[in-house]
Amino acid sequence: MRRSHEAGIEGQMKQASNITRRISRQIMVGGVAVGGDAPISVQSMTNTDTCDVEGTVAQIQDLEKVGADIVRVSVPSMDAAAAFGAIRQRVAVPLVADIHFDHKIALKVAELGVDCLRINPGNIGRQDRVKAVVQAARDKGIPIRIGINAGSLAKDLLRQYGEPCADALVESALSNIELLDREDFQDFKLSLKSSDVFMAIEAYRKIAGQIEQPLHLGITEAGGLRTGTVKSAVGLGLLLMEGIGDTIRVSLAADPVEEVKVGFELLKSLHLRSKGINFIACPSCSRQDFDVIATINELERRLEDVTTPVDVAIMGCIVNGPGEAKQVDVGLTGASPHNLIYVDGKPHHKVDNKQLVDDLENMVREKVAQKLQAEESKERAS
């Protein structure tokens with residue numbers, strides 16, 4: 001029940017987004033709607049050996065804990081396909097099987113409960129193989145993700161364009177879509193990824209008006225935690241502000257858990273999703289009456305398990321502190337001789353530096369409990 005309550009609370013954003021989203025066809029990836037008026041979903045991908053069932057299950061469960069809506073798993077062999085079946089039985093989150101070249105692997109995981117197939121029709125050879133995969137997907141209600149990547153464009157396109165570019169990505173996408181069109185299969189989503197931010201943005205803009213299917217956004221091979229976060233924030237953020245994008249993955253050479261955290265922070269900043277703590281904190285200066293940096297770091301660590309949306313402001317002094325604290329669920333304003341905690345925009349109690357982290361954690365958890373209780377009451381009333 002907890003997940004459903006939190007899903008209901010998530011829609012209660014203090015500031016609704018004024019972004020008008022591109023109209024798209026809705027598909028279902030397991031129980032997660034993608035496209036249409038569905039919330040923009042956040043994805044990640046395991047980096048374990050898929051044949052290591054225990055390790056892969058553990059990583060997927062870690063991703064579930066931080067709110068991943070969908071998880072992709074690489075399935076490079078029939079042995080990995082068998083392992084995927086075992087993994088599928090042990091986790092609740094929808095799983096996408098990432099498959100290249102061998103259509104028989106796609107047929108196998110379709111039998112084992114996959115929620116989406118990431119496979120490019122142009123990579124699996126003859127049309128009869130495409131037909132077999134499409135038929136299996138149609139029979140079992142499995143959507144397909146076409147994933148175009150600047151690093152793996154066909155040789156004929158590279159000869160035509162000289163090098164990877166947005167037009168080459170779009171042409172590759174349309175040729176793969178044509179193979180599905182021949183089988184009258186429309187339940188697919190599309191990604192056009194490049195490590196170059198400008199190329200990816202241009203490609204998504206070009207394709208957005210040509211198809212009705214949902215778009216999976218990503219800047220591929222974006223780099224480590226810091227570099228990849230910046231590239232993804234620029235590229236994905238710009239597209240999302242234009243209303244383009246139905247599901248996202250922030251690709252990082254880092255713990256996949258960080259991909260999910262960054263993804264939600266990106267959506268929260270655009271008022272497109274609200275999950276977990278939305279921290280507002282001053283950068284600190286000599287006016288601070290407590291250690292802002294140490295406080296925010298400790299609170300983030302302690303409250304990492306919270307997925308209910310709560311706005312929290314940590315402000316070091318009285319210059320901007322009261323104004324920010326009055327706009328959030330729980331706020332802290334530095335002051336001398338005692339700091340002041342606000343709840344629901346009103347002064348609640350004073351606290352000294354030794355107790356402020358403990359008090360703030362308690363106030364936030366009380367606010368979470370209140371929101372969950374209110375949602376339960378709302379559900380019972382309806």
Practice prompt. From the list LYS206, LYS189, LYS140, LYS155, pick out the single residue that is at pLDDT below 95, basic (Lys, Arg) and in the same structural domain as MET45 (by TED's automatic domain parsing).
Written response: LYS155
Discussion item. For region 101-126, give me each residue that is in contact (Cβ under 8 Å) with a residue 24 or more places away in the chain and of a type in the set (Lys, Arg).
Written reply: LYS104, LYS108, ARG118
Response to the item:
Within region 85-137, the count of residues that are among the polar types (S, T, N, Q), under 27 Å from the mean Cα position of the chain (by Cα) and over 23 Å from GLU171 (Cβ atoms) comes to 1
Discussion item. Kindly evaluate PRO309 against the criterion of being out of contact with any strand residue (DSSP E or B) (no Cβ under 8 Å at 6 or more places or on another chain) and at pLDDT 90 or above.
Written reply: no
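Conditions (1) over 26 Å from VAL96 (Cα atoms); (2) touching a Ser or Thr at 6+ places or on another chain (Cβ under 9 Å); (3) of a type in the set (Phe, Trp, Tyr), marked per residue:
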residue	(1), (2), (3)
GLN210	no, no, no
THR220	no, yes, no
THR229	no, no, no
GLU258	no, yes, no
LEU266	no, yes, no
LYS275	no, yes, no
SER284	yes, no, no
Worksheet, complete the sentence: Of GLU361, GLU366, the only residue that is touching a residue at least 40 places away in the same chain (Cβ under 8 Å), in the same structural domain as LEU303 (by TED's automatic domain parsing) and out of contact with any Phe, Trp or Tyr (no Cβ under 7 Å at 6 or more places or on another chain) is GLU361
Worksheet entry | Residues (of a type in the set (A, V, I, L, M, F, W, C), surrounded by fewer than 24 Cβ atoms within 10 Å (Cβ to Cβ) and touching a residue at least 40 places away in the same chain (Cβ under 8 Å)) located in region 233-263 | LEU240, MET241, ILE244, VAL257
Worksheet item: When region 264-281 is examined, which residues are found to be surrounded by fewer than 20 Cβ atoms within 10 Å (Cβ to Cβ) and either small (Gly, Ala, Ser) or outside any strand (DSSP E or B) (or both)?
Response: GLU265, LYS268, SER269, LEU270, HIS271, ALA281
Item to complete: Select from region 156-178 the residues that are among the aliphatic types (A, V, I, L, M) and surrounded by 19 or more Cβ atoms within 10 Å (Cβ to Cβ) and list them in ascending order.
Response: ALA166, ALA168, LEU169, VAL170, ALA173, ILE177
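Condition check ((1) out of contact with any Ser or Thr (no Cβ under 7 Å at 6 or more places or on another chain); (2) over 19 Å from GLY276 (Cα atoms); (3) assigned to a helix (DSSP H, G or I)) across all residues:
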| residue | (1), (2), (3) |
| --- | --- |
| GLY323 | yes, yes, yes |
| VAL328 | yes, no, no |
| LEU332 | yes, no, no |
| ILE341 | yes, yes, no |
| HIS348 | yes, yes, no |
| ARG365 | yes, no, yes |
| GLN373 | yes, no, yes |
| GLU376 | yes, no, yes |
| GLU379 | yes, yes, yes |
Discussion item. If I filter region 315-337 for residues that are in contact (Cβ under 8 Å) with a residue 12 or more places away in the chain and hydroxyl-bearing (Ser, Thr, Tyr), do I get at least one hit?
Written reply: yes
Response to the item:
ALA173 vs (1) over 17 Å from LEU215 (Cα atoms); (2) part of a helix (DSSP H, G or I); (3) in contact with a strand residue (DSSP E or B) (Cβ under 8 Å, 6 or more places away or on another chain): all pass except (1)
Worksheet item: What are the residue pairs meeting all of these: first residue in region 160-180, first residue in contact (Cβ under 8 Å) with a residue 12 or more places away in the chain, second residue among the small types (Gly, Ala, Ser) and assigned to a helix (DSSP H, G or I), Cβ atoms under 6 Å, and 6 or more apart or on different chains?
Response: PRO164/ALA150; ALA166/ALA203; LEU169/ALA203; VAL170/ALA203; ASN176/GLY122
Item to complete: Please enumerate the residues belonging to region 179-216 that are polar (S, T, N, Q) and either under 13 Å from ASP246 (Cβ atoms) or buried (at least 22 other Cβ atoms within 10 Å of the Cβ) (or both).
Response: SER191, SER194, GLN213
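Here is a yes/no grid of residues against (1) modelled with pLDDT under 95; (2) of a type in the set (A, V, I, L, M):
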position: VAL234; (1), (2): no, yes
position: ARG249; (1), (2): no, no
position: LYS261; (1), (2): yes, no
position: LEU266; (1), (2): no, yes
position: ARG273; (1), (2): yes, no
position: CYS285; (1), (2): yes, no
position: GLN288; (1), (2): yes, no
Fill in: Criterion: of a type in the set (D, E, K, R) and in a strand (DSSP E or B) - qualifying residue of ASP311, ASP305, ASP358
ASP311
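The values are calculated or read from the model by the stated rules, or taken from the named source; none is laboratory data. All values derive from a computational prediction rather than experimental measurement. Counting neighbours? That spans all protein chains shown, and the Cβs are built from the backbone with ideal geometry, glycine included.
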